[in-house]
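Q: Provided herewith is a single structure, encoded as structure tokens, for subsequent inquiry.
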Amino acid sequence: MLSGSTTNKVMAPGILESSSTPVIDNNRTKATVNKYGFPQDADCEEYARSLDESDPLRGFRDKFIIPSKAGLERKSLAVTPADSSASSSIPSDRDGIYLCGNSLGLQPKCTSRYIQAQLETWSSIAVAGHFTELEESPLKPWQSMADFAAEQSCRLVGALPGEVAIANTLTVNLHLLMASFYRPTGKRNKILLEWKAFPSDHYAIESQIAWHGFDPKEAMILVEPDKDHIISTEKILATIDENADDIALVLLPGVQYYSGQYLDIPRITEYAHSKGLIIGWDLAHAAGNIPMKLHDWDVDFAAWCTYKYMNAGPGAIAGLFVHEKHGKVEYPNGPDDDPVFRHRLTGWYSGDKASRFNMDNKFRPIPGAGGFQISNPSAIDLTSLCASLSVFNETSMEELRAKSLKLTAYLQWLLQKDMPSNDEGDRPFRIITPLDPSKRGAQLSLLLSPGLLEQVGEALQREGIIVDQRKPGVIRAAPVPLYNTYYDVWVFARTFKKAVGL
Ligand SMILES: *Cc1c(COP(=O)(O)O)cnc(C)c1O
């Protein structure tokens, strides 16, 4: 039991978000999250276990390798008997509690089979592996793998066929997309971004501006948060408004990595377009986390990595989206003449497969996002992504989101229970992620009172709990619906609250 007695006011179970039941002010945030009706005793282990038993996606955990507590302490690759136990969908005491899928997703069990198939293809048929599909192999021929992975990714981000390409890595793709979509002219040379963008995005934007001969100090418009780290849509729209004549590009995160805030992509995109602006989205923390409709939302371009919620492995090959309206390739003077298409940086893999090996130096881009590829992609990398996508294929982003909302709501509920409800000064931590579930993904960011980070970090480590710590004092915990359990969330909340003295 987390805590048998509580001095908090008891709130009726089952209060709905939209309920008109008057709620005591101090409990308002608790009521918001409790649309699932967690009863007052939901902070006991039995309750957490019962949520797992009734979870329709519970079988997915068994498709992943959950690091064991012993494994997490490992200093050598040599296998010991304790390491080799297979994990199962029933969490055992020996499983670590992994809440870091926002940083690096866990390894699907099928990944090693896929990679083994890849190695065997290479060792047996060598160069023929580019075009030959071996029977009994889970893999496509190497030359088809990027297209295959792109097709399978479309449903995860709400793209039409042809609007996604799989290539490179995230920051490289941001550069390549900016090479096409950031075309500064005269006074219209600025890029609007957030005040504390992920460093790689900040540097990429800064260097693009300098590359075009402009001064980043003048040309980077940073949208400031309203309070804490949360940037309201109104603030973003107002900043667009104030600078509409100078902006050449808007580039924002779908889910902000630090605060976990999910931005209103359709509304901000529509507004940017109403001012005639191009807008791109970094979906590093959104892809595989929240269902999106990039095509319907008319997003110009987007990019994401696949090693966070997409579980393709560290540094795995990344995804990019280009709206179909920007991917057109036309031959106004007949099929033998020069094509007309949106400018981008190119290589032979941007070129149509049918003529790629003609070696005639007549460039004919692949229509759609595929035309933004450049090089022959790493087949090993693609193999690992295809393995992960095969798991996503067994469910849908909608199903995952339904569990994710409840899992994160449970985490919030547990964390807020017993929280001193007087002024903020007495609280050892604050949740800086929006409390409105529609404005966040899986992650909750917990801002600790000064000086607590170290003791909390140590307490979590002792229990084999893996979360992400960002200086000066934020813990990011992301229960991932594919492999995390309500029990994981319960153990984390119990350990965390004890460590902060609640
Ligand atoms: C994780 C992350 C990156 C990482 O970029 P790489 O090119 O994959 O190293 C960049 N931007 C954001 C917002 C991220 O969350």
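Derivation of every value follows stated rules applied to the coordinates shown; laboratory data play no part. Because the structure is predicted, anything quoted here is derived from the model rather than measured. Every residue, glycine among them, receives a Cβ derived from its backbone with ideal geometry; neighbour counts consider all protein chains shown.
Q: In the neighborhood of E324, defined by Cβ-to-Cβ distances under 14 Å, what is the net charge if each Lys or Arg adds +1 and each Asp or Glu adds -1?
A: Details: positive: K293, K325, K328, R342; negative: E163, D296, D298, D300, E330.
Counting the neighbours of E324, the net charge comes to -1.
Q: Hey, another quick one. So what are the three principal axis dimensions of segment 145-387 from its Cα atoms, in whole Å, longest to shortest?
A: Principal-axis extents of the Cα atoms in segment 145-387, largest first: 56, 42, 30 Å.
Q: Can you compute the charge dipole magnitude of the chain about its Cα centre, using +1 on each Lys and Arg Cβ and -1 on each Asp and Glu Cβ, nothing else charged? Give it in debye, rounded to the nearest 20.
A: Details: 51 positive and 61 negative charges, 122 e Å.
Result for the chain is approximately 580 debye, rounded to the nearest 20.
Q: In addition: Using only DSSP helix segments of four residues or longer, with each worth -39500 (n - 2.57), what per-residue ellipticity at 222 nm results for the chain after dividing by its residue count and rounding to 500?
A: Value at 222 nm, helices only, nearest 500: -10000 deg cm²/dmol.
Q: Could you give the length gained on full extension between A459 and E120, defined as 0.36 nm per residue of separation minus the Cα-Cα distance, in nm?
A: Once the chain is fully extended between A459 and E120, it gains 117.6 nm.
Q: If I take every Cα pair under 8 Å that is 6 or more residues apart in segment 145-387, average their sequence separation and divide by the length, what percent do I get for the relative contact order?
A: 24 percent
Q: Which ordering of E151, E136 is given by a fewest-first count of other beta-carbon atoms within 10 Å? Walk me through the numbers on the way to the answer.
A: On the way: E151 16, E136 5.
Fewest-to-most Cβ neighbours within 10 Å comes out as E136, E151.
Q: If amide H atoms are built 1.01 Å from N in the plane of the peptide, which residues on other chains or at least 5 residues away come under 5 Å of the amide H of D468?
A: When sequence neighbours closer than 5 places are left aside, the close amide H contacts are R476.
Q: Give the separation of the Cα centroids, segment 287-310 to segment 167-237, in Å.
A: Cα centres, segment 287-310 to segment 167-237: 18 Å.
Q: Starting from the 7 Å offset along Cα-to-Cβ, what nm value, one decimal, do you get for the label separation of E45 and A78?
A: A separation of 3.4 nm, rounded to one decimal place.
Q: Hey, another quick one. Taking the Cβ of P365 as the centre, find all other residues whose Cβ is under 12 Å away and add up their charges (Lys, Arg: +1; Asp, Glu: -1).
A: Residues close to P365 contribute a combined charge of +4.
Q: Would you mind ranking Y486, Y203 by Cβ crowding within 10 Å, fewest neighbours first?
A: Listing Y486, Y203 from fewest to most nearby Cβ atoms yields Y203, Y486.
Q: Starting with the fewest neighbours, write out F372, F341 ranked by other beta-carbon atoms found within 10 Å of each beta-carbon.
A: The order, fewest Cβ neighbours first, is F341, F372.
Q: Also, I was wondering about something else. Give the relative contact order (percent, whole number) for segment 368-502; include only Cα pairs under 8 Å separated by 6+ residues.
A: 26 percent
Q: P(r) for the chain, please, calculated from all Cα pair distances in 20 Å bins and given in %.
A: 22, 52, 24, 2
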